[in-house]
Structures are given as C-alpha cells and as structure tokens.
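For reference, the structure is listed below as structure tokens.
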Amino acid sequence: MLMLLFISLWHPLQAQGTPSAGAGGEIHGRVVSSAGQVPIEFANVEVRKPLAAAAIARTATGADGAFSLRGIAPGNYRVRIVAIGYTAKELGSVTIGPGPDIDLGTIVLTSMPFELPSIVIQGQRPVVELAPDRNTFVVRDLPTTKGGTALDVLRNVPAVDVDIDNLVSLRGNSGVVIQINGRPSPMKGTQLGNFLAQLPADVVDKVEVVTNPSAREDPTGVAGIINIVLKQKPDAGSSGGLTVGGGTTGHADIGGNLGYQNGPFSIYGSYGFFRDNRPRRDSIFRENTFENPVTFLDESGLRSQEPLAHTVTGTAGYALDKQDELSAELIYSTRVEHESNDILYRDLNAAQSVTGLSDRLTHGNNFESSLEGTLGYTHTFGEDHELSSELGIVRDEEGGPSSIVSHALALDGSPSSTTAQENQAGWEHPRENSLKVDYGRPLSQSLRIDVGYKGLDQGFHTTLATRVFDSTQAAFVNDSSRISNFTYDQVVHAVYGVLGAAVDKFQLQGGVRIERATTTFHLRSLGTSFNNDYNSVFPSALVAYNINELSQVKLSYSTRIRRPDDTDLLDPTPHIQDPLNISIGNPSLKPEYIRAFELGLQRTMNHLTVQVTPFFRHTVDAIRSIRTIDSAGVSTRSFANLATSDAYGTDLTFAMSGGRLSGFAGASAFRQVSNASNLPGDFSVKTFGWNARTNASFRFSSTLDLQILLSYQAPMNVEQGRNSSRTRFSFAVRQKLRSNQVSLTLRVIDPFNTARESSTTIDPLFTQVTNRRRTIRGLLLSANWTFGHPPKEHQRDPNDSSRGDTVGQ
C-alpha cells in the first residue's frame, strides 16, 4: 500500500513537465520482442527534438507493449525506445503535423545478447530473455529434449529440479506452482508429475520462471511460478510438422501439428503419442535402535512402469472486428500405465545375519485422463486500454486396480507360504471451474492501472477400496481401516489492483490482492468434516532502475501462499507403500504463507549477459513431512506445520551468444533455517544447499550442432535427515537436411548411469537410508519434418540487425 501511495503522489509532480493531452499531436505504437513477437512491458519511450539531449515527453509501454504520447507540438522529433535486455532503437525524423496522429506501428526490439545461435531450426534460435519480473527460456526444439516430455524440458531450465518421482522444485523448494499457458493446474504432486511426464516436449514453446510474482498473478506457490507455454499460434496460410522417434529403453514417440490462419480466423492443433519402459530400483536399509539389541531391515525392490500416453492440444481464434476477439484452448490427454513392484525383505540381527525373508508382489494398471478447456473474450477500447475475460474448466481422473500377494520365504529364498493377498482400487477426480476478468488502462502518459477479479471453484473426490483375502471364508472381504471416500472443496474469490509508473530511469509497480477462501474437507467414510475458511492479503512491489541501456538494478517484494489441497497431504487413510512403510495425511494442516524479497542486478557485456538475484524468504506454518516408527518397526510418514522457515541465498544466471559456442548456465546457493519448536521432537535444522546447471551448444556448421546438458545438486541437510547429491548428464547431436525442413537428432541420456537419489532419515529411534535409481540411460533417435509456412519468427535470421529497424509492419 505504501508503494501505491508513493506512485500516486510522485506522478503529479513529474507530470508538470509533460505536454498536456489535447494540445498538439499524438504518437502511438507497440513494442515487441524479436523472439516470438512477445509484447515488452515497461519499455521506456522518449521523444526528443533532433539536436536536444533531454526528452520533451516520455512514457512506458503497458502489458500489451502499447504506448501513447499526446499533446506534442508540430515539428520533427526523434523517438527512442529502451528496454532492459534489448538493443535500444532510435527512430529519426518523426514528423508531427496538424494532420492525423502518427502511428509508429509495431516496433521490434532485438534481444541479440541472449540468443543461442548454435541451436537452429528453420532459421530460429532459442532465446533466453532475462526481465525484471521473470526469466523466459525459449525451449522449442532443444536437441536435449527431443523425444522427451515436459519434465525433460524443465530439467533444462536453471534453478529448476525434477526428482525421480517427477516432483518439480525451484531453488530447492517443492512449493512451486506449475502453470500451463498462464493457468495454474489443479493437479498436485504425483498426479501433476504424471501429466507432465506424458506431455510431449515438442508441444512446449517456452518456459517462464517467475520467482517473485506481482499481485496480478495467482498467489499460490511459495517458491514462485513455472509457466509452461505451449505452441499455439500459426502463421497466415497453413503449416505443420511431424516428429517420429524411438530409443533403446523401449521408448517410442510420434507427434504432429497443423496450423491454419486466414483473415480473422486461426486454428492450431497438435497430437503426441508416447511410450516408454524405464525400470526403477529402490532400496531401504534401516537400523532399528529402538530395539535392544538393535536389528536391521534390508529392503530391495524392482518397479516397472510402462506408460502409453496420448495428448491433444488445440487453439482457435476469431477476430470479430478490430476491437473484439474470441479465443478457445483445449488440452486433452489420456494415459494407461502397466505397473509392477516386487519387494524383497531381509530381517537382520545385530550381527547383520539373516533371520527372516519375505517378499511382496504388486501388479496393476493406472488409468489417467485430463481435460482442460478455456473460452476467452477480449475487447480493446484503444491503445493500451483493454478488457479481457476467460472462462475455464478442468476435469481430471486417475487411478485403477491393483493386486498384491505376499509370501514368507525360507532363508535360502525358496517359497514357503502365501501370507497375504489383497486387491485395491483407488481413484482421484480433481475438478475446477474458473472465471477471470482483467481490465487495464493508462491513467496518464506514465501511469497505468490494472484491476481484475478471479473466481475459483476447485475440489477433488478421492476413493480407496481395499479387500483382503480371508482364509476362513475363502473369499476377499473389505478392510475397513483402508477404505476411504472423501471430497475436498475450495472456493476462492480474489480481486487485485496494480499501479505501474515510469519516472525517468525508474520503473515502479505496486499492487495488492485480496482473497476470501472457503474450504471443506469431508471424509464420507467416517462422516466427519473439516472446515477452514480464511481471508488473505497479498501485497507486492517492484522498483527497477535502469542504470543505462545495458544495466538494471531492481528490488521486489511479494506475499505467497501454499494451500494444503493435495490428497497426499490431507487424506488420513493409511496408504501402504509396503507393510513397513506407510503414508498418512493430516486434514488439520494450515496454509503456508511466505514473504519474499529479491534484489537483482542485470548487466549485458558484448555477447554475455549476467543476472545476479539475492533473495530472502520468510515462511510461516511451513508444511513438512515427518517420519516416525512404532514398536513393530512400521515407519509412518505424515505432515505437519513448522513454526517458521527462513531461506536466503543468491541465483546467478548467464546467457552467452556469438560465435560457435553459446548457451546458458545457472547456479543457486541458499541457507535454510527451520524452526520446529512447536512440534515434539527435534525437527529444527540449519542447512546450506546449492545447485548448478549448464546447457552449452557448439555449432560445427550451419547444419550440424551439438548440445550438452549437465546439472548437479549438492548434498543438503533437511528436517530429520540429509539428502545426497544428484547429477544429470546428457547430450544430443542434430543434423539438418533439405534446406532445414528435415532434422535428425541423436540423444544420449545418462551415459555414465549417474541418475540416482539417496536420502537418510535420522531419528532417536531409527536411522534409515533410502536409495532410488531409475534406468534412464539409453539412446534416442528422432526425425522431424516441417512443411508449409512456418511462424514468422522462424523466417528471420536473428543475426540480421536490420529487422529491428522496421516499423509499421
């Protein structure tokens, strides 16, 4: 609120030297980036007389890149456009006369310092755009993701990590919101990971990382937002592509896309098929110190997962006239996965001699489908003055049957007897209905306001039925302790307001979002309900100072929330990984709030751009997993709110271009201090963690390139234990043919077999070491063919600086 007041008071003082509206002519236009024609917000536009050093008028572009300057006296002028991370542009000899206003059209700024010239498809080069509020990684057609999924794309993005369970984290924090085309997904945890694991990499256009979002954005996600933007815009006429791939892991994929645009109508669609078979080996070694003398458990398992996935995406748009446009988007996916998990248990005495042997064999099928659709309407009143609305629905389903058989084995491993049989069927049905309305307009030449409303009706219905074999009845009967039927419903109403201003070299933004959330957790199987209604206020602020055309410093603040709306977090029904490892949710969890500060410095030097971002996060009621053990040796994972958790550190991002070698790299180092004094036991921790990632490319020729991906996450202490280091390495070689219409890509994944994870749980009653490894090492070969008219950005050579001198296109 202080920032809003500051901007409101500051602007009238600055407006005194600005020509008044209604006196003289008007200059207007729109500023976009050369990569994808993306609007550039907060670009500074200055009008100067031919030989004058000082500007007679200035303004900043809005969210759609538009600007307007009124009240300029007739005469000749120079118009200069400056935006951080882009080459400045000056338009000479702009004449204002007594006639019509001057429309400068679309002004394209080139982001040459951030282009990666070694990865080329149809003349296009992937781009890293480092902006004050977000970093954008244009990842379309990266060789190291060919034949992969959206998770492989995320593994290429600095500060982002994906673990063996497909859980995504940012700066070491898993409380990150995944958006698809700017809309948060209602899927959480494993279900979201499974969806991303079937979304083909070829349909992903770019990834936006927003670590400190403004009040305009949805406040969920304590670590920030990762927005996956899908390819969805065709050029005039028709265009398309086809991709076919296969690999040594049993991998096979095929995908295609078609686009058509004619006048006011455009449509784009894609289809992808994905199949793979990557076994996973898990092991647990536990020391039971609660027993005297101590005993040990040695557990090893082999899990096989064979997914078959189909994904369809589509967009359509129709311009009713110059002011009104309708749009629609659709994402549909379906997945069938055959699963098996065979576990061997070895009970050991104090001398680690085998005293007991048993196994547990699980086989089943997992079915998943996801449908997301939106309808949008946009009305443009004038330059930089717009009203937009969007209606969305999401319907998901995941689950299926499984059968489990346990045996007691003789010490030599031979079968002894069947000890237990059971059948399970579990289903999850997330759903979401949403309505969003946004309105933005300039209040003056250098002040803009944006307001909006979002209504969200969200929930999920989860069922679990477990039947065990009763030998006395010679039949399967219900296990009442593992039968669950519950619903979680959440209604959120939110309004926001954001003011933005450009004052000389300063860019200022302040906003606030107010929410009312109503939640009901109803456990139908027990007839109990948990209600949690709460109000939240989420302020945000940003101050950026453009030191010069190539350097900027910024300070930002935001408040975020993590809602406990995940099945794993809430469901109090025991979920049995195996009889000695159980997970139970906590329906009494409170929301987690975070207050985040960031101080950033960005500097461009020739072909190198560096961004340094120190940050601090203070979290209240931090949600963490807690593991306990009982006298029978059963380990139970549950969840609780810690009093507070503080994290502070620095992100470092490099983007390099020019010559044959190019790429981007990132590193993050942070200190985390968790205060769990509100919980029994010793769960407080002080720890240090860091990770690094690089994506380097080398261009041998105009048709042959090599790309290498290397990432490392250092070992780190966590609440109740320690996580080991993680390393990923892969590389790809691509050859282009037939005037770049055809490309062949050979991808080598995990050549040194380093894709493994290990963690240690330390408790006064037990110590447990868990190791997990997924077999991902292999070779993938992909062929890609494009035809028709490619998108406009594919037709330009990024090294052609003259493209940025064209206006009025």
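Worth pointing out:
- Here residue 474 clears all of (1) without any contact (Cβ under 8 Å) to a residue 40 or more places away in the chain; (2) in contact with a helix residue (DSSP H, G or I) (Cβ under 9 Å, 6 or more places away or on another chain) except the condition numbered (2).
- Within the stretch 518-545, being within 28 Å of the chain's Cα centre (by Cα), in contact (Cβ under 8 Å) with a residue 60 or more places away in the chain and farther than 19 Å from residue 224 by Cα holds for 521, 544.
- Selection of the stretch 252-265 for residues being open to solvent by 30 Å² or more (accessible area, probe 1.4 Å) and either among the aliphatic types (A, V, I, L, M) or part of a strand (DSSP E or B) (or both) yields 254, 257, 258, 260, 261, 262, 265.
- Residue check, residue 639 open to solvent by 50 Å² or more (accessible area, probe 1.4 Å) and of a type outside the set (S, T, N, Q): no
- Single residue of the stretch 228-248 satisfying the filter (of a type outside the set (A, V, I, L, M) and modelled with pLDDT of 85 or more) that is most open to solvent (accessible area, probe 1.4 Å): 248
- Scanning the stretch 388-419 for residues that are at pLDDT 95 or above and over 30 Å from residue 311 (Cα atoms) yields a count of 0.
- Residue list for the stretch 514-560, restricted to those being aliphatic (A, V, I, L, M) and at pLDDT below 90: 523, 526, 544, 547, 550
- Hits in the stretch 770-787 - residues which are outside any loop (DSSP other than H, G, I, E, B) and either open to solvent by less than 50 Å² (accessible area, probe 1.4 Å) or charged (D, E, K, R) (or both): 770, 772, 773, 774, 778, 780, 782, 783, 784, 786
- Counting the residues of the stretch 509-563 that are out of contact with any Ser or Thr (no Cβ under 9 Å at 6 or more places or on another chain) and open to solvent by less than 10 Å² (accessible area, probe 1.4 Å) gives 2.
- Test for residue 273: is it under 30 Å from residue 577 (Cβ atoms), open to solvent by 30 Å² or more (accessible area, probe 1.4 Å), touching a strand residue (DSSP E or B) at 6+ places or on another chain (Cβ under 9 Å) and not small (Gly, Ala, Ser): no
- Residue 301 being within 24 Å of residue 785 (Cβ to Cβ) and either over 33 Å from the mean Cα position of the chain (by Cα) or in a strand (DSSP E or B) (or both): no
- Tally, over the stretch 660-693, of residues that are without any contact (Cβ under 8 Å) to a residue 60 or more places away in the chain, open to solvent by 50 Å² or more (accessible area, probe 1.4 Å) and under 28 Å from residue 138 (Cβ atoms): 1
- Pick from the stretch 83-107, criterion surrounded by fewer than 22 Cβ atoms within 10 Å (Cβ to Cβ) and touching a helix residue (DSSP H, G or I) at 6+ places or on another chain (Cβ under 8 Å), ranking: modelled with the highest pLDDT: 89
- Check on residue 281, closer than 22 Å to residue 340 by Cβ, free of Cβ contacts under 8 Å to residues at least 40 places away in the same chain and either assigned to a strand (DSSP E or B) or open to solvent by 60 Å² or more (accessible area, probe 1.4 Å) (or both): no
- Hits in the stretch 534-555 (condition: more than 13 Å from residue 604 (Cβ to Cβ) and among the charged types (D, E, K, R)): 554
- Screening 498, 492 for residues that are farther than 26 Å from residue 460 by Cβ and of a type in the set (A, V, I, L, M) leaves exactly one candidate, 498.
- Residue within the stretch 726-734 that is open to solvent by 30 Å² or more (accessible area, probe 1.4 Å) and within 27 Å of residue 239 (Cα to Cα) present: yes
- Just one residue in the set 745, 754 is farther than 18 Å from residue 299 by Cα and not in a strand (DSSP E or B); that residue is 754.
- Subset tally (residues that are at pLDDT below 90, over 19 Å from residue 776 (Cβ atoms) and open to solvent by less than 30 Å² (accessible area, probe 1.4 Å)) for the stretch 694-720: 4
- Every test in (1) open to solvent by 40 Å² or more (accessible area, probe 1.4 Å); (2) in a strand (DSSP E or B); (3) touching a residue at least 60 places away in the same chain (Cβ under 8 Å) is passed by residue 481 save one, and that test is (2).
- Those residues of the stretch 587-627 which are surrounded by fewer than 17 Cβ atoms within 10 Å (Cβ to Cβ) and under 17 Å from residue 568 (Cβ atoms), in sequence order: 588, 590, 625
- Within the stretch 322-372, being among the small types (Gly, Ala, Ser), in a strand (DSSP E or B), open to solvent by 30 Å² or more (accessible area, probe 1.4 Å) and over 30 Å from residue 204 (Cβ atoms) holds for one residue alone: 358.
The values are calculated or read from the model by the stated rules, or taken from the named source; none is laboratory data. Quick caveat, the model's predicted, so the values are computed rather than measured. Heads up, the Cβs are rebuilt from the backbone with ideal geometry, glycines too, and the neighbour counts pull from every protein chain shown. SASA here: full protein model, heavy atoms, side chains in, ligands and nucleic acids out. Shrake-Rupley method; radii C 1.70, N 1.55, O 1.52, S 1.80 Å.
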